[in-house]
Every structure is written in structure tokens, then in C-alpha cells.
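Remarks on the structure that follows.
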Amino acid sequence: MPLRVNGDAGQAFPIYITVVGGLLLLAFAYFAVGQAAVTRSEAQTAADAAALAAALETRDQLADQWLENVLEPDSWQDIFDGEVPVPDGCWRAQELAARNDASADCEQDGLLGYTVVAETNEAVGDTIVPGTEDQKAMESATAVIEARCTFELPAEDAGEDVLPALSCKGEEWGLSPDDLNDLPKAEDLFDVHLADGQANDE
């Protein structure tokens with residue numbers, strides 16, 4: 001009987017080693033997947049932040065244009081539609097991507113949007129998966145600017161001193177040429193947000 005027990009133990013040992021080795025291999029594989037997921041998450045964060053930064057820069061420029069032309073309501077709609085010349089905001093996207101340890105390829109998407117493709121500077125790193133040591137993550141995001149305000153131009157016989165009232169998503173701004181101290185801010189005039197479904201995997 002003791003000999004049979006020792007024989008069974010001897011046969012079980014290789015099976016034990018195989019099972020443990022398989023579990024370790026599986027654990028390393030999950031670790032590699034986790035590393036890749038973290039790297040891709042970092043790329044998506046960089047793309048989101050960069051796209052929003054570019055859009056916010058343009059939003060602020062448009063708001064400045066509106067303030068400069070507040071006494072010329074005929075120009076307001078072009079400003080709200082983004083149809084006025086303002087500096088490109090992509091420099092802000094590249095700046096924010098660099099802060100997130102990534103590079104950014106940015107382009108204006110229509111008049112009121114930016115699409116950014118961000119690539120991490122860091123690779124996934126050494127894993128048991130061949131080829132991952134130099135593989136970087138790349139993700140994209142699109143941010144859009146939307147005017148929050150509507151208005152109606154006064155009648156032609158209303159006089160030059162009458163400014164339209166702004167209705168900005170539930171908030172009313174009654175404007176007077178004689179009192180321009182309390183004017184809407186950039187965030188009152190425009191919304192900036194990521195486009196739905198636009199932050200995609202590459």
C-alpha cells in the first residue's frame with residue numbers, strides 16, 4: 001500500500017506543475033491585458049482633454065468677439081455660428097496632450113468643433129504578449145461648441161439704442177447700451193462638450 005501511495009503522488013506532481021504553470025501564464029496574460037487597457041485609458045483621457053481644451057480656447061475667442069461687438073447686434077448671429085475669424089485652438093490641444101504625456105494630432109471639425117487623435121508617449125511595456133513592448137495607444141475625441149443663446153433683432157423703427165434680449169437656455173439677459181457692466185460670460189454664451197459617440201477606439 002505505501003508503494004502505491006508514493007506512485008500516485010509521483011504521477012500527480014507533473015500534473016500539479018502543469019496546472020500551476022497554466023495559471024501563472026493566465027495571470028501574466030491578464031496582467032498584459034490590464035497594462036494595455038491602462039495605456040489606452042491614458043490615451044483616451046489625453047484625447048478628451050485636448051479636444052475640450054481646443055474647443056474652450058475657441059469658445060473664449062468667440063465670447064470676446066461678442067463683447068467687442070455687443071453694440072452691433074447684426075453681427076451676433078455670425079459670432080454664435082462661428083462664422084467669424086478667430087485663432088485656431090489646436091495649440092491648446094497639443095499643450096494639454098503634452099501635460100498628459102501624449103502627442104496630439106488636432107484639426108478643426110467644421111466651424112465649431114475639434115477632433116483630436118492622441119498617442120501616448122509611453123508604450124505598453126514588456127509583457128508575455130510579443131510585440132507589445134513598443135506598442136503605444138492611440139485614441140480620438142471630438143469636442144463641439146454650441147451657442148446657448150437666441151435673440152430677435154429689434155424692428156427697424158426701434159432705434160439704434162435698442163439691443164436685443166438674449167435668451168440663454170432659460171436665463172434672460174436684458175441688454176442696454178447705457179449699462180454694459182453685467183454681461184454674459186463665455187460659459188453663458190456657449191456650451192462646450194464632447195460629441196456623443198465621438199470618443200472612439202482606434
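Restricting to region 50-61, name every residue that is closer than 13 Å to ALA147 by Cα and either among the hydroxyl-bearing types (Ser, Thr, Tyr) or buried (at least 24 other Cβ atoms within 10 Å of the Cβ) (or both). Selection gives ALA55, THR58, ARG59. Across region 175-195, the number of residues qualifying as modelled with pLDDT of 90 or more, of a type outside the set (A, V, I, L, M) and over 23 Å from ALA93 (Cα atoms) comes to 1. For region 62-107, taking the residues that are over 26 Å from GLU152 (Cβ atoms) and aliphatic (A, V, I, L, M), the one that is surrounded by the most Cβ atoms within 10 Å (Cβ to Cβ) is identified as ALA93. Note on region 162-173: residues that are out of contact with any Cys (no Cβ under 6 Å at 6 or more places or on another chain) and modelled with pLDDT of 90 or more total 8.
The values are calculated or read from the model by the stated rules, or taken from the named source; none is laboratory data. Since this is a predicted model, take the numbers as computed values, not measurements. Because the Cβ atoms are built from the backbone with ideal geometry, glycine has one as well, and the counts that use them run over all protein chains shown.
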